[in-house]
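The structure appears right after this line, and notes come after that.
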Amino acid sequence: MNFKNILIILFIIFSYSLFADGHIFVYHRFGDNRFTSSNISISTLRKHFDYLKNNNYKVVSLKNMVSKIKNNEEIPDNWVAFTIDDAYKSFYNNGLPVFKEYNYPFTLFANTEPIIGKYPDFVTFEELRDISKYGEVATHSHSHQHSLNISTNVLLNDIKKSVNILEKELNKKINYYSHPYGEYDYNILNYLKNLNFQAIFNQNSGAISNKNNIYDLNRIALGENDNIEFWLNIKYLIARWNNIEIKNNSITNINVTLNNSIKQIEVYISGYGWKWYNLNNGILNINLNKPLLYSRNRIILRTKDNKWNNYLIVK
Ligand SMILES: [Zn+2]
């Protein structure tokens, strides 16, 4: 093999490790500086979009991303999809014109109660019909409740109600659901699977690969101070969460199976930061006693080569 071929092969290996899996992002409010954590200024939104444009990323529809997973095909490393939660007026007034300008597809997850109630901060159905000319509309429930505070039946009926309203108003099929506040547990997911959605989306910081559960797809929330380049570089970690033991409101055991080749992993627990642990034949088994400090608590696993996986515990 000559030197040039070696260089080409090295370049291919290097490029492969440089890029990550696909990524789905979620925004909430646009150019609405009454809010800090849920808002993105239009100048920062343009910076995100320009970064993608200048670095050979391809913004695809959620439908394209989902069909790759369903067909068990590799997701191209440069694929990105955008979603918006909550159907705020500020998306229609400030965000949509920028999406149109860049010709970027998007999916808007709308909660229908504030639209029916004509809340001033939310879009009208007429505006929603206009939005649906440029992107897809999906559901974010009707009344946007904390799903673990209500019975499963109330939750399922609330979601079905929003689907009926949206399908009637838009005359289009509603294919996707995203959890209000990003809150859910694995028991709720089992019920939601029966609602015939094509896919269900969380709000966990992880990448997208065809190994992802179609009913538990990661979406990375982007706010004003988030570095999109950082998030584009994270990859998907295949992990089987065998046991998360909660006793007296504390995490007492974490047991996860990972690839055999992984010897060490960094573990994040909300409120406690990151810590390295050794694995035994690909198994992470930690006994600990960490009180759950928040209403939403995350356990995140991160490998040396920046692969991530998440587990959400809602109190
Ligand atoms: Zn929401």
Check your understanding: Quick check, is Ser141 within 16 Å of the ligand (Cβ to nearest atom), in contact with a Phe, Trp or Tyr (Cβ under 9 Å, 6 or more places away or on another chain) and part of a loop (DSSP other than H, G, I, E, B)?
Key -> yes
**Study point:** Neighbours by Cβ (under 6 Å, 6+ apart or cross-chain): first from the range 126-144, closer than 14 Å to Lys173 by Cα and among the acidic types (Asp, Glu); second within 16 Å of the ligand (Cβ to nearest atom) and modelled with pLDDT of 95 or more
**Key:** Glu136/Thr107
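This table checks each residue for (1) more than 16 Å from the ligand (Cβ to nearest atom); (2) at pLDDT 95 or above.
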| residue | (1), (2) |
| --- | --- |
| Ile24 | no, yes |
| Phe35 | no, no |
| Lys53 | yes, yes |
| Asn56 | yes, yes |
| Asn93 | yes, yes |
Check your understanding: Identify, please: which residue in the range 61-91 is part of a strand (DSSP E or B) and more than 16 Å from the ligand (Cβ to nearest atom) and is, among those, farthest from Ile220 (Cα to Cα)?
Key -> Trp79
Check your understanding: Within the range 136-169, can you find the residues that are open to solvent by 20 Å² or more (accessible area, probe 1.4 Å) and in contact with a strand residue (DSSP E or B) (Cβ under 6 Å, 6 or more places away or on another chain)?
Key -> Glu136, Leu148, Val163
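Would you mention how many residues in the range 246-261 are open to solvent by 30 Å² or more (accessible area, probe 1.4 Å) and either without any contact (Cβ under 8 Å) to a residue 24 or more places away in the chain or touching an Asp or Glu at 6+ places or on another chain (Cβ under 9 Å) (or both)? Reasoning before the result, please.
Taking the range 246-261 first, the residues open to solvent by 30 Å² or more (accessible area, probe 1.4 Å) are 246-249, 255, 257, 259-261.
Okay, now just the ones that are also either without any contact (Cβ under 8 Å) to a residue 24 or more places away in the chain or touching an Asp or Glu at 6+ places or on another chain (Cβ under 9 Å) (or both), so 247-248, 255, 259-261.
Result for the range 246-261: 6.
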Check your understanding: Is it true that some residue in the range 102-117 is polar (S, T, N, Q) and surrounded by fewer than 20 Cβ atoms within 10 Å (Cβ to Cβ)?
Key -> yes
Exercise for review: Tell me, please, whether a residue that is over 11 Å from Leu222 (Cβ atoms), assigned to a helix (DSSP H, G or I) and open to solvent by less than 70 Å² (accessible area, probe 1.4 Å) can be found in the range 26-38.
Suggested key: no
Practice item. Scan the range 175-195 for residues that are part of a loop (DSSP other than H, G, I, E, B), at pLDDT 95 or above and either loosely packed, with under 13 Cβ neighbours inside 10 Å or more than 16 Å from the ligand (Cβ to nearest atom) (or both) and jot them down. Key: Asn175
Review point. Would you say Ala199 is in the same structural domain as Ser143 (by TED's automatic domain parsing), over 28 Å from Leu292 (Cβ atoms), hydrophobic (A, V, I, L, M, F, W, C) and away from the ligand (no atom under 16 Å from the Cβ)?
Key: yes
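Go through the range 199-315 and tell me which strands (runs of 3 or more DSSP E), entirely inside it, have 1 or more residues that are modelled with pLDDT of 95 or more, of a type in the set (A, V, I, L, M, F, W, C) and within 30 Å of Ile174 (Cβ to Cβ). If you could, list the steps in order and put the result at the bottom.
Working: elements: 199-201, 240-247, 250-257, 264-269, 273-278, 283-291, 296-302, 307-314.
The qualifying strands (runs of 3 or more DSSP E) are 199-201, 240-247, 307-314.
The values are calculated or read from the model by the stated rules, or taken from the named source; none is laboratory data. Small disclaimer: the values here were computed from a predicted structure and weren't measured. Don't worry about glycine lacking a Cβ; one is built from the backbone with ideal geometry, like all the others, and counts go over all protein chains shown. For the accessible areas, the whole protein counts, side chains as well, though only heavy atoms, and no ligand, DNA or RNA atoms are used. Shrake-Rupley method; radii C 1.70, N 1.55, O 1.52, S 1.80 Å.
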